[in-house]
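What follows is a set of notes on a single structure, which appears directly below.
What follows is calculated from the coordinates using simple rules that are stated; it is not laboratory data. Worth saying up front: this structure is predicted, and the values here are computed from it rather than measured. When we count neighbours, we look across all protein chains shown, and the Cβ atoms used for this are built from the backbone with ideal geometry, even at glycine.
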Amino acid sequence: MKNRKLDFLPELETIIRKCDACTLSMTDLDGKPYAVPMNFGYQDGVLYLHSAPDGKKIEILKQQPAVCASFSTDHDLRWQHSEVACSYSMRYRSVLLFGNVSFIEDVEQKQLALDVIMRQYTDQTYKYSLPALQNVCVMRVAVDSIEGRAYGY
């Protein structure tokens, strides 16, 4: 089976929506790679993320906002012969999304972004207290580029 490049945006967005987490990768302040798994929401070419208002990730992103988010789903282990290690492979679908983080400060915009994140996981609607909205860090990543791969599908 061949690794297949994916470039049809609706297919890439379907893969993103199937995932329950993404890995957000950045370059730390010493020039080293730094990656963290995160909950997310995606809508209209924008990735939304939330976290505590401070910490290593926030320090990095305020100074170096360039990120890559990776998504992977539909994993399925396959083999041609169960006793031959080299005959094993993993089917998958994956997406890489590139962009720059910006921080959402407006409380109403935070609520809209959090609604997008919650829709990734549930169909319910939610209310947010003002202190909760004021004390959460909400980030927006407008997609600069997006690419995908599939193997075995």
Average Cα contact separation per residue, the chain, under 8 Å, 6 or more apart, as relative contact order %: 33 percent
q = 0.09, 0.12 Å⁻¹: log10 I(q)/I(0) that the Debye formula gives for the chain, counting C-alpha atoms only: -0.34, -0.58
Total formal charge among the other residues, if their Cβ is under 15 angstrom from that of Glu59, Lys/Arg +1 and Asp/Glu -1: +1
Debye, to nearest 20: dipole size of the chain, +1 on Lys, Arg Cβ, -1 on Asp, Glu Cβ: 400 debye
